[in-house]
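Notes follow once the structure below has been shown.
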Amino acid sequence: MKLIKKLAIASTIAMTAGGAFAESIIVQSTTSTANSGLYDYLLPIFEGETGIEVNVVAVGTGQAIGNAANCDGDVLLVHAKSAEEKFVAEGGGVMRTDLMYNDFVIVGPTEDPAGVNGTDDVQGAMAKIAETGAPFASRGDDSGTHKAELALWNSAGVDPKSASGDWYRETGSGMGATLNTGIGMGAYVLTDRATWISFENKQDYDIAVEGDTDLFNQYGVILVNPEKCPSVKAEEGQAFIDWLLSDEGQDAIAGYRINDQQLFFPNAPE
Amino acid sequence: MAEAIALALGLVARGDADLFEIVLLSLRVSLTATAVACVLGLTLGAFLAVARFPGRGAALVALNALMGLPPVVVGLLVYLHLSRSGPLGFLGLLYTPTAMIVAQTVLITPIVAALSRQVIEDLHREYADQFRSLGLTRWQSMGALLWDGRFSLLTVAMAGFGRAVAEVGAVMIVGGNIDHLTRVMTTAIALETSKGDLPLALALGLVLMVIALGVNAGVQALRLPGERVAHA
């Protein structure tokens, strides 16, 4: 009897501690924004001003959109424009707005088996990797980075799937895990620059390919549709979005630096 | 490795607030899940040990197989139920510690039930004649066996706790690894690994192992005096 009482008390504590914050929202977002430390920098500023607590679930873009489609979140902040527009068109979100951008880079080992170091022609570099059969580690997880990578292979005229398990290795995991795996096997990896700059297990790896306009990486922000999902905290979620898009939020994004390098470039519409 | 040990000692020595928050949540979630799983699992285990019914053999095989439930599958099942679009979505429990407790309870109840069933059944074999001569009911027998086997059953509970506190797949999905809300030791380790901060990840792993050691030492301290009395 005593034990049951204790259990009842424990579970009550657990429940009240877990879900009782009146003003807290859930943001479904990508591993790149979370792993780079951007939220750790932005959220205290926003929370200090509004008192709204922001809880970030960091998963791949595909999973983030899926979770938001299940109404498990108030705001979606990801980087796969066409998938985001589809999500809004299907009624999952209210409106998609450009928020910020950075760019993708291909990182590789210093011995450079495909001979692509220093080029800014990403399709050419990828075609060379495929030709030489140098290992390439792909996210393979339907994330924004994975979608961008597949689009690049397509425009390079290479079908990497036919070499899956050979030189083309799909890890099926997040950006950091794929970098760890890729570096472990001497493979080239496409990553967003923010994750790369803040990544701490670089070993002898460096950026091999950068600067191509096709490597542009746009992030967008969307309020999950409260008409479809009554649980959405529309007011607080919209307050967060409005702040991100405001001059102050945009300045804060631009102000986030690691090793003296700016990681994200704000570009919300005026 | 040396770097990781130094980091771990440093984190503990300077009383890192984030670390203690994560450790406390890990303990709260996994100990609560273990307590709930023991109430359910020991009852089920004791019942299966003394009861005889058609299909019992199949039930035991199924129960033993459930010990191998992959945490990520448990996480997915609990997610689908607790999601706002799932049958229990109205409770609003997804991404809370309660959801993590539910997932770990589902994960370890079969372990507690299957192991306790074996322990109690072995005991029952010794005592069956005695119980019959005393005219005990099935429920009285179950109670007597659970009490008599309490020290072995503590080890069973520790096996359940060990599985709960060590798993990452289920709590990652239903908790979301949200900083200051649902981040526990294992999800923090996974996060630091994905950031490429391997020494910090390993340091957190060392802290987790020390905590598991502490919990087990605490249980051992509880049972030693009791065991002496029991065998005196």
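Per-residue counts of other Cβ atoms within 10 Å, averaged by peptide: what ranking do you get for B:67-77, B:105-115, highest first?
Details: B:67-77: 16.8, B:105-115: 25.2.
So the peptides B:67-77, B:105-115, ranked by packing, come out B:105-115, B:67-77.
Can you give the average number of partner chain beta-carbon atoms within 10 Å of each beta-carbon in peptide B:176-183, as a whole number? Could the numbers behind the result be given before it?
Values: counts 10, 5, 8, 8, 2, 9, 3, 0.
The shielding value for this peptide is 6.
Sort B:HIS180, B:HIS124, A:HIS146 by Cβ crowding within 10 Å, fewest neighbours at the top.
Details: B:HIS180 11, B:HIS124 19, A:HIS146 22.
With the sparsest Cβ surroundings first, the list reads B:HIS180, B:HIS124, A:HIS146.
Could you give the size of the charge dipole of segment A:117-248 about its Cα centre, using +1 on the Cβ of each K and R and -1 on the Cβ of each D and E, expressed in debye and rounded to the nearest 20?
On the way: 9 positive and 22 negative charges, 94 e Å.
The calculated dipole for segment A:117-248 is roughly 460 debye.
Taking square-rooted eigenvalues a ≥ b ≥ c of the alpha carbon gyration tensor, is segment A:23-112 rounded, prolate or oblate, where a/c under 1.5 means rounded and, failing that, a/b exceeding b/c means prolate? Write out the running numbers ahead of the final one.
Values: a/c = 2.16, a/b = 1.24, b/c = 1.73.
Here segment A:23-112 falls in the oblate category.
Calculate the dipole size of chain A relative to its Cα centre from +1 charges on Lys and Arg beta carbons and -1 charges on Asp and Glu beta carbons; express the result in debye to the nearest 20.
My answer is approximately 1260 debye.
Please name which of A:TYR41, A:SER29, A:GLY172 has its Cα lying farthest along the dipole of chain A towards the positive end, using unit charges on Cβ (Lys, Arg +1; Asp, Glu -1) and the Cα centre as origin.
Farthest towards the positive pole: A:GLY172.
How much mean residue ellipticity at 222 nm does chain A get from its helices, if each DSSP H run of length 4 or more adds -39500 (n - 2.57) and you divide by all residues, to the nearest 500 deg cm²/dmol?
Details: 11 runs with 114 residues, N = 270.
That calculation yields -12500 deg cm²/dmol at 222 nm.
May I ask for the percentage of alpha-carbon pairs in the protein assembly as shown that lie more than 37 Å from each other? Could the numbers behind the result be given before it?
On the way: 48021 of 125751 pairs.
Of the Cα pairs, 38 percent sit more than 37 Å apart.
Give me, ordered by chain and number, the residues 5 or more places off A:ILE258 or on other chains with an amide H under 5 Å from its own placed amide H.
For A:ILE258, whose amide H was placed from the backbone, the distant partners under 5 Å are A:LEU263.
Expressed as an acute angle from 0 to 90° and rounded to the nearest 10, what is the orientation of the C-alpha long axis of helix B:2-13 relative to the principal long axis of chain B?
The two axes meet at around 80 degrees.
Above 32 angstrom, tally the Cα pairs of chain B and express them as a % of all pairs, no decimals.
Details: 8201 of 26796 pairs.
In whole percent, the long-distance tail amounts to 31.
In nm, to one decimal, how far is the modelled label at A:SER162 from the one at A:PHE265, with both set 7 Å along Cα→Cβ?
Distance between label points: 3.6 nm.
Mind ranking A:149-162, B:86-99 by how tightly packed they are, going by the mean number of other C-beta atoms within 10 angstrom, highest first?
Values: A:149-162: 15.9, B:86-99: 20.9.
Peptide ranking by packing, descending: B:86-99, A:149-162.
Considering chain A, what Rg and Dmax in Å follow from its alpha-carbon atoms?
Final numbers for Rg and Dmax: 20.5, 72 Å.
May I ask which residue of B:LEU19, B:VAL50, B:ILE108 lies farthest towards the positive end of the charge dipole of chain B, with charges of +1 (Lys, Arg) and -1 (Asp, Glu) on Cβ and the Cα centre as origin?
Among B:LEU19, B:VAL50, B:ILE108, the one farthest towards the positive end of the dipole of chain B is B:VAL50.
With charges only on Cβ, +1 for K and R and -1 for D and E, what is the dipole size of chain B about its Cα centre, in debye, rounded to 20? Mind showing how you got there, number by number?
Details: 15 positive and 14 negative charges, 146 e Å.
Here chain B has a charge dipole of around 700 debye.
Just the number, please: percent antiparallel of the DSSP beta bridges in chain A, rounded to the nearest 5. Could the numbers behind the result be given before it?
Details: 24 of 39 bridges.
Beta bridges within chain A, antiparallel portion: roughly 60 percent.
Which three extents, in whole angstrom, do the alpha-carbon atoms of segment A:103-215 cover along their principal axes, largest first?
Rounded to whole Å, the extents work out to 33, 28, 25 Å.
Calculate the mean, over all residues of peptide B:91-98, of how many other protein chain Cβ atoms lie within 10 angstrom of the residue's Cβ. Please report the intermediate quantities before stating the final value.
On the way: counts 2, 5, 4, 9, 8, 8, 6, 9.
Average per residue, whole number: 6.
Checking the a/c ratio against 1.5 first, then a/b against b/c, what shape does the Cα gyration tensor give for segment B:164-223? Numbers along the way, then the final one.
Working: a/c = 2.93, a/b = 1.60, b/c = 1.83.
Oblate.
Hey, which of these cross-link pairs are over 24 Å Cα-Cα: A:LYS86/A:LYS128; A:LYS147/B:LYS195; A:LYS161/B:LYS195?
Numbers: A:LYS86/A:LYS128 33 Å; A:LYS147/B:LYS195 21 Å; A:LYS161/B:LYS195 27 Å.
The pairs that break the limit, which is 24 Å between Cα atoms, are A:LYS86/A:LYS128; A:LYS161/B:LYS195.
Considering the options B:THR98, B:VAL171, B:VAL184, tell which one lies farthest towards the positive end of the dipole of segment B:2-223, charges being +1 on Lys and Arg and -1 on Asp and Glu at the Cβ, about the Cα centre.
B:THR98
Read the figures in this text as sums done on the coordinates, not as results from a lab. These numbers come from a predicted model, not from an experiment. For neighbour counting, all protein chains shown are included, and Cβ atoms are generated from backbone atoms with ideal geometry for every residue, glycine included.
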